[in-house]
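Report on the structure given below.
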Amino acid sequence: MALPAGVQVGPYEIVAALGSGGMGVVYKGWDTRLNRFIALKTLSGDGVGQPEDRRRFLREAQAASQLNHPNIITIHESLEDRGGCFLVMEYVDGRTLESVLANRTLTIAEALHYAGQITDGLAAAHSAGIVHRDLKPANIMITEDNRVKLLDFGLARFVDHTNTLETNGATQTTQGTILGTAPYMSPEQAQGRDLDTRSDIFSFGAVLYEMLSGRRAFRGESWVGTLAAILKTEPVPLRELRPMIPAALERQVMLCLRKAPQERFQKMTEVRAALADMPRESAKTAKPSIAVLPFANLSADKENEYFSDGLAEEVLNALTKIPELRVIARASAFAFRGQDHDLRTIGQRLKVETILEGSVRRAGNRIRITAQLIKVDDESHLWAERYDRELTDVFAIQDDIAQEIAAALEVKLTLRDTPPTNIEAYQGYLKGIYWYQRYTAQSLALAKESFEQALALDPTYAQAHAGLAVFYSSIGALSIQRMSDVGPLAKAAAEKALALDADLSEAHSVLGLLAGVVQYDWKAAGVHFQTAIAIEPVPALVRSRYALYFLLPVGRYEEAVAQYFRALETDPLSMMVLFGLSFALYCGRRYKEAVEHAAEAVNLYPDYWPVHFALGVAQSQLGAIPEAIASLETSLRLSPTFALATGYLAALYARSSDVDRAECLMLELAERRQSSYVASSAFAIYYAAMRQDVQMFEALNAAREEREPVLTRINAEPYFWPYRTDPRYRALLASMQLEARA
């Protein structure tokens with residue numbers, strides 16, 4: 001039964017309930033003798049009469065009262081009153097680490113700051129012969145002055161200094177009993193085996209993993225599933241989730257998480273020493289972070305949305321020039337448009353500390369722009385301003401906003417040398433970007449028209465030339481038109497852009513794509529892509545092109561996956577990047593992971609056809625044929641002209657013995673081919689599945705003549721593996737300057 005405020009327990013007066021857990025309720029109390037606040041923990045009503053629960057409760061008092069350390073909660077006394085057991089502890093004003101992690105991802109420096117204090121506290125407990133046995137974020141308090149306090153030694157256990165358990169009945173748990181919190185248990189704890197201090201080392205590793213990555217090391221759909229994950233699976237490597245984590249730090253965390261106790265660090269003092277040099281290295285990578293949300297269009301003309309979007313994007317682009325600042329890319333930041341999310345939720349999803357939001361009202365040649373920089377943790381304003389200016393002042397306003405943000409975040413901004421001079425050309429360019437990002441056949445056509453309008457007004461507009469280059473390469477990559485036809489147009493636009501501005505990474509990446517998939521000159525492609533990714537900051541879609549059109553074709557699958565994870569650092573919600581990651585995992589034969597990532601992407605973007613396609617092809621390789629068919633059907637429903645999905649779908653129907661349905665799909669594709677371009681690779685996939693090698697090689701050679709980009713990834717496609725030793729297959733690869741995959 002809860003105790004109301006004002007009730008007296010011994011010399012302590014109840015002030016308020018602070019929270020409850022498995023053992024009981026914790027209250028804030030007032031010590032009437034010493035005039036100070038205390039925390040009062042009581043054993044829950046159901047446990048009061050249970051001898052084991054009472055023993056465990058008093059064991060916490062006995063264990064923790066022996067510990068006098070600044071990183072361990074101080075136990076003042078235990079007492080029995082009002083028919084219950086109470087533990088009197090120091091009162092700590094702060095939040096649990098669990099609460100902190102629920103709201104944001106820690107910087108690496110913050111995680112190491114807390115980790116150092118946790119290891120100090122645990123080392124002190126272990127030196128006193130005590131194993132905590134329930135280390136988890138909920139039992140770690142972060143005080144207002146950023147100090148760590150370890151709580152709840154209710155499952156603590158005494159050991160001797162040779163790491164063997166005492167046999168005293170008061171401290172021994174029955175063999176086979178599992179106590180603790182599932183996601184943070186050591187394997188030996190999950191199996192109900194005897195424990196020593198190395199069990200806490202594993203739990204600490206799980207906590208540090210979560211502090212660094214923002215996700216638990218071991219996850220299951222149930223308590224049993226989580227225990228199974230702890231016993232049988234390895235965590236996702238930290239640097240796949242957060243590439244900025246130093247490799248040495250990843251190694252130390254994974255060493256803590258070894259399944260066998262003898263393979264881990266053997267003492268907490270060893271862990272503390274191993275992490276001691278990490279803060280200096282990691283502080284360099286711990287950057288302030290920001291997301292620029294789309295500015296609200298308050299103009300009477302709703303078509304001015306392109307202008308408000310463009311203004312926000314220009315501020316974002318200026319901020320990306322700051323090396324000390326991590327800026328979330330447009331695709332992820334703008335993903336929250338029209339959604340009813342509070343800023344804390346957005347900050348948590350994007351893993352940023354600050355958010356810039358604003359509005360634009362345009363009337364004729366006058367504009368009013370408001371902007372505010374908000375701290376995610378408490379939604380406080382770091383800076384806010386309103387600008388009432390002429391439209392021609394828009395570039396100065398963008399620079400002012402970027403400078404104010406840089407000042408607020410204490411980073412240095414170097415402004416662009418020469419902003420655009422033609423305001424109408426600038427608006428045309430903004431429209432082009434606006435339409436391109438929607439990535440439909442209709443919006444791509446409008447993007448092309450807008451870029452061309454900008455260039456008609458200002459032929460020296462380098463970014464507009466780069467926009468055209470990306471447009472032409474995209475419609476070739478999507479097989480909307482033959483790459484052999486649009487490739488030269490993309491190349492001309494990219495070269496023009498670079499002649500005007502040699503530092504446009506987008507244009508360099510387009511030349512890399514074309515050198516590979518059109519010219520089959522992989523050496524030149526590598527040079528172009530290396531140039532593109534050497535220009536900081538590297539746009540997420542440049543990394544995506546590098547992975548999809550160079551690393552995957554030449555068989556560097558793990559590097560491709562790593563590029564996608566790096567892209568997700570600045571663009572965590574990008575539809576294209578999420579698709580690319582799933583597809584790269586598929587190409588690397590990591591089908592289960594491909595399905596997991598594609599399924600997450602489908603949940604985020606159920607109307608984005610590429611992620612359904614990636615999910616379907618990966619499911620098919622795991623034998624989930626009905627599920628794969630459903631995914632590919634959805635992909636085609638959302639994008640009926642994507643012929644490659646039709647080829648895969650027909651192949652799956654044939655594999656499921658529905659040959660009539662398969663033949664019907666291919667007949668429709670052949671009929672469509674009479675009036676419009678249809679990628680030959682779609683037919684090649686189907687013929688490969690049907691083992692019709694003559695027709696398959698005819699289709700493959702046609703795809704090569706049309707320079708279909710998908711053909712360069714032929715080595716990764718399981719349907720073609722039965723032909724790897726066929727001279728015709730090897731000749732095809734040789735004509736593309738590629739080697740057969742082992």
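Could you work out the relative contact order of the stretch 208-353? I mean the mean sequence separation of Cα pairs under 8 Å and 6+ apart, divided by the number of residues, in percent.
In percent, rounded to a whole number, it is 17.
So what is the accessible area of the chain per residue, in Å², with the probe set to 1.4 Å?
42 Å²
Taking the Cβ of Glu424 as the center, what net charge do the other residues with Cβ under 13 Å away carry, scoring Lys and Arg +1 and Asp and Glu -1?
Net of charged neighbours comes to 0.
Using Cα positions and a limit of under 28 Å, work out the lysines in reach of Lys267, with same-chain residues fewer than 8 apart set aside.
Cα-Cα hits under 28 Å: Lys136, Lys149, Lys232, Lys259.
Of the peptides 702-708, 140-146, how do they stack up when ordered by the mean number of other Cβ atoms within 10 Å, highest first?
Highest to lowest by the protection proxy: 702-708, 140-146.
How much net charge surrounds Pro187 when only the other residues with a Cβ under 15 Å from the Cβ of Pro187 are counted, with Lys and Arg +1 and Asp and Glu -1?
The answer is +1.
In straight Cα distance, which lysines are under 27 Å from Lys523, not counting same-chain residues fewer than 8 positions off?
Answer for Lys523, where 27 Å is the Cα cut-off: Lys491, Lys496, listed by chain and number.
Farthest toward the dipole's positive end in the chain, which of Val394, Pro11, Ala296, given Cβ charges of +1 (Lys, Arg) and -1 (Asp, Glu) about the Cα centre?
Checking the options against the dipole of the chain, the answer is Pro11.
Apply 1/(1 + (r/R0)^6) to the Cβ-Cβ distance of Leu622 and Ala445, taking R0 = 30 Å, and write down the FRET efficiency to the nearest 0.05.
0.20
In whole percent, and with a 1.4 Å probe on the protein chains, what portion of the accessible area of the chain is carbon and sulfur?
Answer for the chain is 50 percent, counting heavy atoms of protein chains only.
Given (1) 2, 11, 19, 24, 23, 14, 5, 1, 0; (2) 3, 12, 20, 20, 18, 14, 9, 4, 1, 0; (3) 3, 14, 24, 25, 19, 10, 4, 1, 0, which label gives P(r) over Cα pairs in 10 Å bins from 0, in percent as computed from the coordinates?
Comparing each candidate, only (2) matches the computed number.
Charges at C-beta only: +1 for Lys and Arg, -1 for Asp and Glu. How large is the resulting dipole of the chain about its Cα centre, in Debye rounded to 20?
1200 debye
Binning at 5 angstrom from zero up to the longest distance, how are the C-alpha pair distances of the stretch 596-742 distributed in percent?
2, 10, 19, 22, 20, 16, 9, 3, 0
The values are calculated or read from the model by the stated rules, or taken from the named source; none is laboratory data. Note that the structure is a prediction, hence the values are computed from the model and not measured. Please note: Cβ atoms are built from the backbone with ideal geometry, for glycine as well, and neighbour counts cover all protein chains shown. The protein model used for the area step is the full one, side chains on, heavy atoms only, and it has no ligands, DNA or RNA in it. Shrake-Rupley method; radii C 1.70, N 1.55, O 1.52, S 1.80 Å.
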